[in-house]
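Contents: one structure, followed by commentary.
The values are calculated or read from the model by the stated rules, or taken from the named source; none is laboratory data. Owing to the predicted nature of the structure, the values given are computational and were not obtained by experimental measurement. FYI the Cβ positions are ideal-geometry reconstructions off the backbone, even for glycines, and counts take in every protein chain you see.
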Amino acid sequence: MPSTEHPPPRYMGAFAVDYRLQANSKVRKNIFHRSRGSVELATEEPPALDLSSFPRRPSTTIMLKVLFKEDRRVFEETVEPYSWTFTIETKLKRTLILTTKPFDREPTLADAKNKSQTSLYTKLLLSERREYSQLAWRNEHTAADGTLLQANDHGPLWTTRIPVAFTTAQDLVPSFLCPTFVLRYSVLVSVRIGGLSGQVVLETPLQVYCQNRSLSKNIQHCELQASEDLPCLNRGNIGEDTSLEVVGRPPKYRRWAF
């Protein structure tokens, strides 16, 4: 099983178009009512998952930032989000990229889709659903000293942060890179605000590693199960040595393959 002594580095700048870290949605009483404002959602790459946390299940926290802009044209009543309930579903996504020509750098999804000698495989492994309510909202229209800020095209700006807990099983192969094989993970975060908004989906990268090189028998057994779940390689297209790249220990995780 590939492993590293410390969590692998993060390279969000190099893969910005591979993920969706920001999105927005209109807020309505129902589909027949006009918009009462908009909600902007944003997240970032969470701390890496350490598979060596046995017997505890590996877990991390995805921080979801929420900004609600009330529309000033709504005269019915002031919209306050204190009673809102967020239904958040997280799904772990595994991405495999195989090539017959060694990578000269870590490939993006566009590279995997556009090159004839490269194959791309994705699979959703597990999902969790949780509800979050009674959040600590902050009214950004009021300064810390209580004075009102200058009005603009919107009403008050409401902000909050939701720490989304994410747990997974230990039968995962750590994310890694070798000259002909890339394995990486991401988390799909689906957000819905009660009956006030449609579903919004974000995607954030997730690094998976194993800090302890001396793995327990239980982890080794999980590794065998995970390797059996990988897609079979077509030796006619990929080459005779590709399976050895998967089983053998690849170089340490780094931005460039060489």
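Overview of values
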read-out: Considering residues of the stretch 179-204 that are buried (at least 19 other Cβ atoms within 10 Å of the Cβ) and more than 28 Å from Trp84 (Cβ to Cβ) only, the residue modelled with the highest pLDDT; value: Tyr185
read-out: Identity of the residue in the stretch 19-40, basic (Lys, Arg) and part of a strand (DSSP E or B), that ends up modelled with the lowest pLDDT; value: Lys26
read-out: Residue match in the stretch 131-139 (condition: in contact (Cβ under 8 Å) with a residue 40 or more places away in the chain and among the charged types (D, E, K, R)); value: yes
read-out: Residue list for the stretch 73-110, restricted to those being modelled with pLDDT under 85 and among the β-branched types (Val, Ile, Thr); value: Val74, Thr78, Val79, Thr108
